[in-house]
Amino acid sequence: MPRSIPALSALYADYDVVLCDVWGVLHNGVAAFPAARQALAEARKAGKTVILLTNSPRLSASVVEQLAVLDIFSESYDAIVTSGDVTRTLVVEGPRKLFHLGPKRDTGLTEGTGASLVGEAEAEGILCTGLFDDETETPEDYRDMLVGFQKRGAPLICANPDLVVTRGNRLIPCAGALAALYEEIGGETRIAGKPHTPIYEAAIENARSLLGNVDKARVLAIGDGMPTDVKGALGYGLDLLFIAEGIHAADYTVDGKVDEASLDRFLTERNAEPKYWMPDLA
């Protein structure tokens, strides 16, 4: 069982850099979590470097604007690294003609890359940032389209590896669920966000630009998503603070509270070994 900690401040002595997930830890897509916002602000006041590490398919400048709408400002972080940022590298590598699968607000990922967005018939690949309408659709609604792309050998570039996120009190499917379906039917996927290495390398490089030398042993990751935050941080060799009241809460909560025996069983069954846990970041 990971060690339960009462507050992020309990770990100040052991870490210089905090890589914190955003959606599910800092907000739920509708409202910010004030205690989490304050915890990161206080960590910065204590001299810690806080980098938000998110699987958002948007570029970091856009996420700054999105967070501001939720009253989360720069006093709570030093920098942001997004899946959208590192996905641009994949877009630059080609193919050049891409079909955009996702909401129109995410089309900025191709700007300055040499790639162009084209219709389904012309496309040599897919840039997937999500579902067209994640409020009413499911990945299965896209099976026939994806089968057609798979038969043509078109790679799918996934800009958001999350399978689901919370929006208020609901779970909403993300681009990662479409990528999983594409792999299931034999399609090729290309992914740079969590849990994959490129986004962690970008975050560490960002920390180095702020601090100089960075010792990985003094970098703490914070997250709630098992296939992304947990797998990614542990696979990259980072200590992890697991936020239990996130997307997996229904698996181990009893009467609205985390049951430690159930949480231990949940983590053990998934071969996950976070070093610490809290119900919510505070």
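The values are calculated or read from the model by the stated rules, or taken from the named source; none is laboratory data. It should be emphasised that the depicted structure is a prediction, and the values quoted were computed from it without experimental measurement. Ideal geometry is used to build each Cβ from the backbone, glycine not excepted, and the neighbour counts take in all protein chains shown.
Here is how the numbers come out for the structure above:
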item: Single unsatisfied condition, Ala121 versus (1) under 19 Å from Ala177 (Cα atoms); (2) not in a helix (DSSP H, G or I); result: (1)
item: Every pair of residues 6+ apart whose Cβ atoms lie under 7 Å, when the first sits in the range 139-151 and is of a type in the set (S, T, N, Q) while the second is surrounded by fewer than 19 Cβ atoms within 10 Å (Cβ to Cβ) and not in a helix (DSSP H, G or I); result: Gln150/Ile185; Gln150/Gly186
item: Some residue of the range 48-58 being in a strand (DSSP E or B), out of contact with any Cys (no Cβ under 6 Å at 6 or more places or on another chain) and under 27 Å from Tyr142 (Cα atoms); result: yes
item: Positions within the range 144-180 being within 18 Å of the chain's Cα centre (by Cα), closer than 21 Å to His196 by Cβ and part of a loop (DSSP other than H, G, I, E, B), in sequence order; result: Ala159, Asn160, Pro161, Asp162, Leu163, Cys174
item: Filter result (acidic (Asp, Glu) and in contact (Cβ under 8 Å) with a residue 12 or more places away in the chain) within the range 222-269; result: Asp224, Asp229, Asp239, Glu245, Asp251, Glu260, Asp264
item: Where Gly119 falls short, out of the listed (1) without any contact (Cβ under 8 Å) to a residue 24 or more places away in the chain; (2) over 30 Å from Ala39 (Cα atoms); (3) surrounded by 13 or more Cβ atoms within 10 Å (Cβ to Cβ); result: (3)
item: Criterion: outside any loop (DSSP other than H, G, I, E, B), among the polar types (S, T, N, Q) and either free of Cβ contacts under 8 Å to residues at least 24 places away in the same chain or crowded, with 17+ Cβ neighbours inside 10 Å (or both) - qualifying residue of Thr107, Thr136, Thr89; result: Thr107
item: Sole exception among (1) at pLDDT 95 or above; (2) exposed (fewer than 15 other Cβ atoms within 10 Å of the Cβ); (3) in contact with a Gly (Cβ under 7 Å, 6 or more places away or on another chain); (4) not β-branched (Val, Ile, Thr) for Leu98, by number; result: (2)
item: Top-ranked residue in the range 222-268 [being surrounded by fewer than 16 Cβ atoms within 10 Å (Cβ to Cβ) and among the hydrophobic types (A, V, I, L, M, F, W, C); ranked as nearest to the chain's Cα centre (by Cα)]; result: Ala250
item: Restricting the range 197-252 to residues that are modelled with pLDDT of 95 or more and of a type in the set (S, T, N, Q), the residue that is farthest from Leu163 (Cα to Cα); result: Ser209
